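The values are calculated or read from the model by the stated rules, or taken from the named source; none is laboratory data. Quick caveat, the model's predicted, so the values are computed rather than measured. Cβ: placed from backbone, ideal geometry, glycine included. Neighbour counts: every protein chain shown.
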Amino acid sequence: MIKYHPSKQLMQKHILGELPAGLSVAIAAHIELCDKCSNEFELLEVQQASATFDAPCEEKESFEFESMIDDITKLSMYDQLVSQEPEVFEYQDKRVQLPRAIAALKLGSFMNAGKVSRARFELDEGPLRSSLLHIKPGGEIPEHTHTGFELTLLLDGTFEDESGQYVPGDFIMLDGRHNHSPRTKDGCLCFTLVDNALHFNKGLSKLLNPIGKLIY
(Lines give C-alpha, C1' and ligand atoms only; values in the text may rest on other atoms or scores of the structure.)
Protein backbone atom coordinates (compact mmCIF):
# COMPACT_ATOMS: atom_id res chain seq x y z
CA MET A 1 0.00 0.00 0.00
CA ILE A 2 1.23 3.51 -0.88
CA LYS A 3 2.36 5.29 2.30
CA TYR A 4 4.08 8.44 1.04
CA HIS A 5 2.12 11.19 -0.71
CA PRO A 6 2.58 14.83 -1.83
CA SER A 7 1.30 17.36 0.67
CA LYS A 8 -2.03 19.10 0.23
CA GLN A 9 -0.10 22.36 -0.24
CA LEU A 10 1.90 20.88 -3.14
CA MET A 11 -1.25 19.58 -4.84
CA GLN A 12 -2.87 22.99 -4.42
CA LYS A 13 0.12 24.68 -6.07
CA HIS A 14 -0.04 22.07 -8.84
CA ILE A 15 -3.67 23.06 -9.53
CA LEU A 16 -2.70 26.74 -9.62
CA GLY A 17 0.21 26.09 -12.00
CA GLU A 18 2.77 27.40 -9.52
CA LEU A 19 5.21 24.46 -9.61
CA PRO A 20 8.15 23.74 -11.93
CA ALA A 21 7.38 21.24 -14.67
CA GLY A 22 9.36 18.34 -13.18
CA LEU A 23 7.55 18.56 -9.85
CA SER A 24 4.16 18.90 -11.55
CA VAL A 25 4.94 15.80 -13.63
CA ALA A 26 5.76 13.82 -10.48
CA ILE A 27 2.54 14.91 -8.76
CA ALA A 28 0.41 14.14 -11.82
CA ALA A 29 2.04 10.70 -12.11
CA HIS A 30 1.50 9.97 -8.41
CA ILE A 31 -2.17 10.96 -8.67
CA GLU A 32 -2.55 8.51 -11.55
CA LEU A 33 -1.09 5.74 -9.38
CA CYS A 34 -2.79 6.61 -6.06
CA ASP A 35 -6.58 6.40 -5.61
CA LYS A 36 -6.41 8.28 -2.30
CA CYS A 37 -4.67 11.31 -3.80
CA SER A 38 -6.77 11.13 -6.98
CA ASN A 39 -9.92 11.59 -4.91
CA GLU A 40 -8.36 14.34 -2.79
CA PHE A 41 -7.11 16.12 -5.92
CA GLU A 42 -10.59 16.10 -7.49
CA LEU A 43 -11.98 17.68 -4.32
CA LEU A 44 -9.26 20.35 -4.30
CA GLU A 45 -10.02 21.14 -7.97
CA VAL A 46 -13.72 21.59 -7.18
CA GLN A 47 -12.88 23.84 -4.23
CA GLN A 48 -10.48 25.92 -6.33
CA ALA A 49 -13.04 26.27 -9.14
CA SER A 50 -15.69 27.40 -6.66
CA ALA A 51 -13.32 29.91 -5.09
CA THR A 52 -12.37 31.27 -8.52
CA PHE A 53 -15.84 31.59 -10.02
CA ASP A 54 -17.55 32.75 -6.82
CA ALA A 55 -15.01 35.48 -6.10
CA PRO A 56 -16.36 39.05 -6.52
CA CYS A 57 -14.98 40.93 -9.49
CA GLU A 58 -15.15 44.38 -11.02
CA GLU A 59 -17.75 45.07 -13.71
CA LYS A 60 -15.07 45.36 -16.40
CA GLU A 61 -13.49 42.04 -15.39
CA SER A 62 -16.93 40.41 -15.45
CA PHE A 63 -17.54 41.72 -18.96
CA GLU A 64 -14.15 40.45 -20.17
CA PHE A 65 -14.78 37.02 -18.65
CA GLU A 66 -18.23 36.76 -20.24
CA SER A 67 -16.76 37.83 -23.57
CA MET A 68 -14.07 35.15 -23.30
CA ILE A 69 -16.65 32.45 -22.54
CA ASP A 70 -18.74 33.65 -25.48
CA ASP A 71 -15.71 33.38 -27.80
CA ILE A 72 -14.96 29.85 -26.54
CA THR A 73 -18.51 28.63 -27.13
CA LYS A 74 -18.34 29.84 -30.73
CA LEU A 75 -15.33 27.65 -31.52
CA SER A 76 -15.80 24.62 -33.73
CA MET A 77 -15.69 21.45 -31.66
CA TYR A 78 -14.70 17.96 -32.73
CA ASP A 79 -16.14 14.86 -31.11
CA GLN A 80 -13.76 12.40 -32.73
CA LEU A 81 -11.60 10.73 -30.12
CA VAL A 82 -7.97 9.93 -30.90
CA SER A 83 -6.81 6.72 -29.28
CA GLN A 84 -3.48 6.81 -27.48
CA GLU A 85 -1.47 3.69 -26.80
CA PRO A 86 -0.03 3.47 -23.26
CA GLU A 87 3.70 4.12 -23.18
CA VAL A 88 5.60 1.00 -22.11
CA PHE A 89 9.15 1.14 -20.78
CA GLU A 90 11.27 -2.00 -20.96
CA TYR A 91 13.99 -2.66 -18.41
CA GLN A 92 15.52 -5.74 -16.78
CA ASP A 93 13.27 -8.06 -18.84
CA LYS A 94 10.19 -6.18 -17.59
CA ARG A 95 7.56 -4.09 -19.38
CA VAL A 96 6.20 -1.23 -17.29
CA GLN A 97 3.38 1.11 -18.30
CA LEU A 98 4.52 4.63 -17.48
CA PRO A 99 2.12 7.24 -16.08
CA ARG A 100 0.90 9.56 -18.84
CA ALA A 101 2.66 12.66 -17.50
CA ILE A 102 6.03 10.87 -17.56
CA ALA A 103 5.43 9.09 -20.87
CA ALA A 104 4.85 12.47 -22.55
CA LEU A 105 8.41 13.63 -21.79
CA LYS A 106 11.41 13.18 -24.08
CA LEU A 107 14.08 11.01 -22.51
CA GLY A 108 17.82 11.22 -23.17
CA SER A 109 20.33 8.38 -23.26
CA PHE A 110 21.08 6.16 -20.27
CA MET A 111 24.36 6.36 -18.37
CA ASN A 112 25.41 3.30 -16.37
CA ALA A 113 27.37 3.13 -13.12
CA GLY A 114 27.53 -0.42 -11.85
CA LYS A 115 23.97 -1.57 -11.17
CA VAL A 116 22.52 1.94 -11.44
CA SER A 117 21.36 3.46 -14.76
CA ARG A 118 20.04 6.99 -15.24
CA ALA A 119 18.67 9.01 -18.16
CA ARG A 120 17.64 12.65 -17.92
CA PHE A 121 14.40 13.99 -19.29
CA GLU A 122 14.85 16.89 -21.67
CA LEU A 123 13.30 19.61 -19.51
CA ASP A 124 15.07 22.97 -19.47
CA GLU A 125 14.58 23.95 -15.82
CA GLY A 126 17.93 25.36 -14.79
CA PRO A 127 19.25 23.51 -11.72
CA LEU A 128 16.27 21.13 -11.59
CA ARG A 129 17.10 17.74 -13.11
CA SER A 130 14.37 15.18 -13.84
CA SER A 131 15.50 11.63 -14.57
CA LEU A 132 14.38 8.05 -15.04
CA LEU A 133 16.48 5.81 -12.81
CA HIS A 134 16.60 2.05 -12.57
CA ILE A 135 18.62 -0.16 -10.27
CA LYS A 136 19.37 -3.80 -10.98
CA PRO A 137 18.61 -6.52 -8.41
CA GLY A 138 20.99 -6.30 -5.50
CA GLY A 139 21.94 -2.73 -6.39
CA GLU A 140 22.57 0.05 -3.89
CA ILE A 141 23.30 3.76 -3.97
CA PRO A 142 26.02 4.65 -1.44
CA GLU A 143 25.00 6.52 1.70
CA HIS A 144 24.42 10.20 1.00
CA THR A 145 22.63 13.32 2.08
CA HIS A 146 21.32 16.17 -0.06
CA THR A 147 22.64 19.68 -0.62
CA GLY A 148 19.20 20.54 -2.03
CA PHE A 149 16.11 18.36 -2.24
CA GLU A 150 15.53 14.96 -3.80
CA LEU A 151 12.15 13.66 -4.93
CA THR A 152 11.72 9.99 -5.81
CA LEU A 153 8.52 8.57 -7.27
CA LEU A 154 8.75 4.78 -7.32
CA LEU A 155 7.22 3.40 -10.53
CA ASP A 156 8.02 -0.31 -10.36
CA GLY A 157 9.62 -2.78 -7.99
CA THR A 158 10.59 -1.98 -4.42
CA PHE A 159 13.52 -0.48 -2.59
CA GLU A 160 14.35 0.24 1.02
CA ASP A 161 16.52 2.55 3.09
CA GLU A 162 17.00 3.42 6.73
CA SER A 163 13.38 4.65 6.95
CA GLY A 164 11.68 1.53 5.60
CA GLN A 165 10.50 -0.11 2.39
CA TYR A 166 8.82 1.67 -0.53
CA VAL A 167 6.29 0.40 -3.08
CA PRO A 168 5.14 1.68 -6.51
CA GLY A 169 3.40 5.03 -6.16
CA ASP A 170 5.34 6.18 -3.09
CA PHE A 171 6.26 9.89 -3.36
CA ILE A 172 9.40 10.45 -1.27
CA MET A 173 10.72 13.97 -0.59
CA LEU A 174 14.11 14.27 1.14
CA ASP A 175 16.50 17.13 1.92
CA GLY A 176 19.65 17.88 3.89
CA ARG A 177 18.11 16.53 7.09
CA HIS A 178 18.16 13.00 5.71
CA ASN A 179 20.97 10.46 5.30
CA HIS A 180 20.13 7.25 3.48
CA SER A 181 21.43 4.43 1.33
CA PRO A 182 18.70 3.12 -1.02
CA ARG A 183 19.01 -0.55 -1.95
CA THR A 184 16.82 -3.01 -3.83
CA LYS A 185 16.62 -6.79 -3.67
CA ASP A 186 14.72 -7.38 -6.94
CA GLY A 187 15.35 -4.13 -8.87
CA CYS A 188 13.29 -0.96 -9.25
CA LEU A 189 12.38 1.90 -11.59
CA CYS A 190 11.99 5.49 -10.36
CA PHE A 191 11.27 9.02 -11.55
CA THR A 192 13.65 11.36 -9.71
CA LEU A 193 13.97 15.12 -9.37
CA VAL A 194 16.89 16.93 -7.72
CA ASP A 195 17.94 20.57 -7.58
CA ASN A 196 21.51 20.09 -6.42
CA ALA A 197 24.24 17.48 -6.07
CA LEU A 198 24.13 14.55 -3.66
CA HIS A 199 26.77 14.52 -0.93
CA PHE A 200 28.26 11.07 -0.31
CA ASN A 201 29.26 10.28 3.25
CA LYS A 202 31.35 7.10 3.20
CA GLY A 203 34.00 5.15 1.31
CA LEU A 204 35.25 5.69 -2.21
CA SER A 205 32.00 7.38 -3.23
CA LYS A 206 33.22 10.48 -1.33
CA LEU A 207 35.63 11.03 -4.23
CA LEU A 208 32.62 12.09 -6.31
CA ASN A 209 31.76 15.04 -4.04
CA PRO A 210 34.20 17.55 -5.63
CA ILE A 211 32.60 16.98 -9.06
CA GLY A 212 29.08 16.44 -7.77
CA LYS A 213 27.85 19.66 -9.37
CA LEU A 214 28.84 18.36 -12.78
CA ILE A 215 27.18 14.94 -12.60
CA TYR A 216 24.01 15.28 -10.53
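Any idea how many residues of segment 106-153 are among the aliphatic types (A, V, I, L, M), out of contact with any Lys or Arg (no Cβ under 9 Å at 6 or more places or on another chain) and buried (at least 17 other Cβ atoms within 10 Å of the Cβ)? Before you say what the answer is, go through the steps one by one.
Taking segment 106-153 and keeping what is among the aliphatic types (A, V, I, L, M), we get 107, 111, 113, 116, 119, 123, 128, 132-133, 135, 141, 151, 153.
Next, only the ones that are out of contact with any Lys or Arg (no Cβ under 9 Å at 6 or more places or on another chain) stay: 113, 119, 128, 151, 153.
Still in the running and buried (at least 17 other Cβ atoms within 10 Å of the Cβ): 128, 151, 153.
Qualifying residue count, segment 106-153: 3.
With the requirement that a residue be under 14 Å from Y91 (Cα atoms), among the aliphatic types (A, V, I, L, M) and in contact with a Gly (Cβ under 8 Å, 6 or more places away or on another chain), what does segment 126-154 give you? Spell out the reasoning first.
Keep residues of segment 126-154 that are under 14 Å from Y91 (Cα atoms), which gives 132-137.
From what is left, the residues that are among the aliphatic types (A, V, I, L, M) are 132-133, 135.
I135, the sole residue that qualifies.
Kindly establish whether D156 is surrounded by fewer than 18 Cβ atoms within 10 Å (Cβ to Cβ) and under 16 Å from the mean Cα position of the chain (by Cα).
Working: surrounded by fewer than 18 Cβ atoms within 10 Å (Cβ to Cβ): no; under 16 Å from the mean Cα position of the chain (by Cα): yes.
No.
Can you tell me which residues in segment 15-36 are exposed (fewer than 14 other Cβ atoms within 10 Å of the Cβ) and either under 18 Å from Q47 (Cβ atoms) or of a type in the set (G, A, S) (or both)?
Step one: list which residues in segment 15-36 are exposed (fewer than 14 other Cβ atoms within 10 Å of the Cβ), which gives 16-18, 35-36.
Result: L16, G17, E18, K36.
Mind listing whichever residues of segment 207-216 are more than 15 Å from A113 (Cα to Cα) and surrounded by 14 or more Cβ atoms within 10 Å (Cβ to Cβ)?
Narrowing segment 207-216 to residues more than 15 Å from A113 (Cα to Cα): 209-211, 213-214.
The answer is N209, and nothing else.
How about segment 104-132: which of its residues are basic (K, R) and under 13 Å from C190 (Cα atoms)? Let's see the steps before the verdict.
In the first step, residues of segment 104-132 are kept if they are basic (K, R); the result is 106, 115, 118, 120, 129.
Listed by number, the residues that qualify are R118, R120.
Among the residues of segment 130-147, is any part of a loop (DSSP other than H, G, I, E, B) and under 18 Å from the mean Cα position of the chain (by Cα)?
Narrowing segment 130-147 to residues part of a loop (DSSP other than H, G, I, E, B): 136-139, 141-143, 147.
Now restrict to residues that are under 18 Å from the mean Cα position of the chain (by Cα): none.
So far as segment 130-147 goes, no, none of its residues is part of a loop (DSSP other than H, G, I, E, B) and under 18 Å from the mean Cα position of the chain (by Cα).
Against the conditions (1) touching a residue at least 12 places away in the same chain (Cβ under 8 Å); (2) basic (K, R); (3) farther than 20 Å from A26 by Cβ, where does R120 fall short? Just the number, please.
(3) is the only condition that R120 fails.
Restricting to segment 190-207, what's the tally of residues that are of a type outside the set (F, W, Y) and closer than 23 Å to E125 by Cβ?
Kept after step one, since they are of a type outside the set (F, W, Y), are these residues of segment 190-207: 190, 192-199, 201-207.
Those left that are additionally closer than 23 Å to E125 by Cβ: 190, 192-199.
Looking only at that region, the number is 9.
Which residues, counting only those in segment 85-95, are buried (at least 16 other Cβ atoms within 10 Å of the Cβ) and either at pLDDT 95 or above or more than 14 Å from G187 (Cα to Cα) (or both)?
Result: F89, single match.
Could you tell me which residue of segment 43-84 is modelled with the highest pLDDT, considering only residues that are of a type in the set (V, I, T) and within 28 Å of M11 (Cα to Cα)?
Initially, segment 43-84 is screened for residues of a type in the set (V, I, T), giving 46, 52, 69, 72-73, 82.
If we keep only those that are within 28 Å of M11 (Cα to Cα) too, we end up with 46, 52, 69, 72.
On the way: V46: 90, T52: 75, I69: 68, I72: 69.
My answer is V46.
Would you call D170 at pLDDT 95 or above, more than 16 Å from V116 (Cα to Cα) and not β-branched (V, I, T)? Write out each step before concluding.
Numbers: at pLDDT 95 or above: yes; more than 16 Å from V116 (Cα to Cα): yes; not β-branched (V, I, T): yes.
Judged against the criteria, D170 is a match.
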